[in-house]
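What follows is a set of notes on a single structure, which appears directly below.
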Amino acid sequence: MNGLGTLDAWVGRTIGIGGLPTRDDLDAYQLRSLNETLATARARSPFYRSLAGWPEPGQIADLGDISLFPLTTAADLGRGEPSLVALPLRDAVRLVTIPTTGTSGPQKRLFFTEEDIEATVAYFEHGMATIVRPGSCVAVAFPAERPDSVGDLLMRGLARLGAFPVALPVDGSLETLVGALRELQPAAIAGMPVTLGAAARRMSADGGPPLRIETALVSADSVSPSFRAALAVIWGAEVFEHWGMTETGYGGALACEAHDGLHIRETDLYVEIVDADTGRALPPGRVGEVVITTLRRRGLPLIRYRTGDSGSLVEDPCRCGSVLRRLRLGGRMGDPSPREEGRLLLPEGLDDAIFAVDGVVDFMVKLKSGRQPRLTVEIVTLASGTVDEVRSVLLAHPTIGPALRSAEVDIAVETASGPSPPLCRKRRVLEDMRND
Ligand SMILES: [Zn+2]
């Protein structure tokens with residue numbers, strides 16, 4: 001454990017409390033901020049002004065009453081008119097277009113103001129200060145060349161806390177990445193699971209000098225126990241999970257030394273969990289879709305935005321002492337199966353089972369629906385014999401094996417062909433090819 005403390009003192013200063021905030025302080029700040037967001041959005045954004053089902057007078061007396069307002073979706077971010085934007089576009093310092101994954105749908109467009117960017121850099125500074133020490137070298141395995149990209153903002157936050165961030169070459173080969181890491185010998189590394197997993201497994205397989213990295217921050221994708229174990233064995237790294245997406249302003253929630261849920265960035269986000277089918281708000285402990293409302297964003301406020309990620313809120317106080325609410329990611333929403341129309345979810349544990357096979361650095365799962373559904377697992381591997389091992393691991397798995405058989409899904413495991421995939425991207429999960 002690093003034991004570098006919690007985010008609470010910074011949160012207290014940010015919300016205008018002298019000293020450590022109590023839960024009541026945070027609830028009062030969030031209620032006030034939610035009401036400001038609701039008022040600004042309704043007054044200035046054509047989209048929210050025209051949104052049906054907006055309860056009047058548009059203010060809430062209790063945090064839970066936010067659930068009376070309509071949910072918004074990725075499709076709302078894609079449409080041009082009416083615009084969600086609540087400030088003139090000339091106030092944007094960064095416009096982001098997110099390509100749509102999956103079969104169809106418009107691209108999502110977001111914009112950030114100077115204040116939004118500053119809020120994210122400050123969050124990265126104080127968030128990273130809980131897991132890395134000033135003076136330590138931190139390798140950043142995100143693309144960082146573009147100003148205000150996630151890598152750039154993380155580098156700026158790290159520099160502010162007194163660490164020495166170095167951007168790794170993530171647009172080339174795995175060998176280049178591994179070479180740079182051995183040369184740098186960082187105390188900590190930050191990146192996506194695919195990138196870090198591939199680098200660690202390549203290092204363990206190539207017979208070169210071992211590397212010790214104290215801390216690994218993994219972001220932007222799910223982290224399985226076998227991934228965590230691989231990084232602990234190969235680098236000796238303690239893995240800290242971060243959850244965030246462009247919609248959350250990159251930063252969203254961060255693990256602490258207790259590793260029991262991720263503390264939410266409550267200065268900027270109000271998080272709810274809703275039933276993915278009915279949209280009804282769920283109590284702590286219940287798994288559903290993660291829904292966010294932004295608290296300080298004046299340019300493009302998001303109100304009850306459905307992230308598409310699943311998770312639950314944790315009610316018990318955290319062992320680390322922080323009063324920030326926690327989000328536990330993952331878990332099943334409802335009772336999905338790989339064949340369910342329109343909802344293509346990873347069978348619980350599939351990720352963990354595949355990554356547990358030594359040599360696997362990446363994989364993609366494709367589901368072809370229709371009369372003869374077929375589940376194809378394409379793996380990127382450093383070792384021979386991995387294909388057979390992945391196939392037998394899946395069929396022998398206590399929950400996945402029977403699920404695959406009872407769902408009458410054909411399973412094929414193949415080694416990915418063609419050039420090696422980009423090092424920096426989300427692990428691709430189930431893509432319905434719908435080409436029957
Ligand atoms: Zn904690």
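The values are calculated or read from the model by the stated rules, or taken from the named source; none is laboratory data. Note that the coordinates shown come from a computational prediction; the quantities given were computed from them, not determined experimentally. Using ideal geometry, Cβ is built from the backbone for each residue, glycine included, and neighbour counts are taken over all protein chains shown. We work out accessible area using only protein heavy atoms, side chains counted, and drop any ligands, DNA or RNA first. Shrake-Rupley method; radii C 1.70, N 1.55, O 1.52, S 1.80 Å.
Relative to one another, the C-alpha centroids of the stretch 379-400 and the stretch 1-69 are positioned 46 Å apart. The residues of the stretch 131-243 present an accessible area of 37 Å² per residue when probed at 1.4 Å with all protein chains retained.
3J(HN,Hα) along the stretch 20-37: 6, x, 8, 4, 5, 4, 5, 4, 5, 4, 5, 5, 4, 5, 4, 5, 5, 4 Hz, from the Karplus curve 6.51 cos²θ - 1.76 cosθ + 1.60 with θ = phi - 60°, whole Hz, x for Gly and Pro.
Taking all protein chains together and rolling a 1.4 Å probe, Ile213 ends up with roughly 0 Å² accessible.
Distance between the modelled labels on Arg374 and Leu4, one decimal in nanometres: 4.9 nm (7 Å Cα→Cβ projection).
Near Ala163: Cβ cut-off under 13 Å, other residues only, Lys/Arg at +1 and Asp/Glu at -1. The net charge is +1. Using a probe of 1.4 angstrom and keeping all protein chains present, the accessible surface of the stretch 256-319 works out to 35 square angstrom per residue.
Amide H to amide H, with H built 1.01 Å from N, Gly162 comes under 5 Å of no residue 5 or more places away or on another chain. With the simple model of a label 7 Å out from the Cα in the direction of the Cβ, Ile98 to Arg280 spans 2.8 nm.
Express the carbon and sulfur contribution to the solvent-accessible surface of the stretch 131-224 as a percent, rounded to the nearest whole number, probe 1.4 angstrom. Each step should come with its number before you reach the end.
Details: 2000 of 3620 Å².
Exposed carbon and sulfur together represent 55 percent of the surface.
Applied to the stretch 317-322, the Karplus parametrisation 6.51 cos²θ - 1.76 cosθ + 1.60 on θ = phi - 60° returns per-residue 3J(HN,Hα) values of x, 7, 5, 6, x, 6 Hz, with x for Gly and Pro. Each Lys and Arg adds +1 at its Cβ and each Asp and Glu adds -1 at its Cβ; summed about the Cα centre, the stretch 131-243 shows a dipole of about 240 debye.
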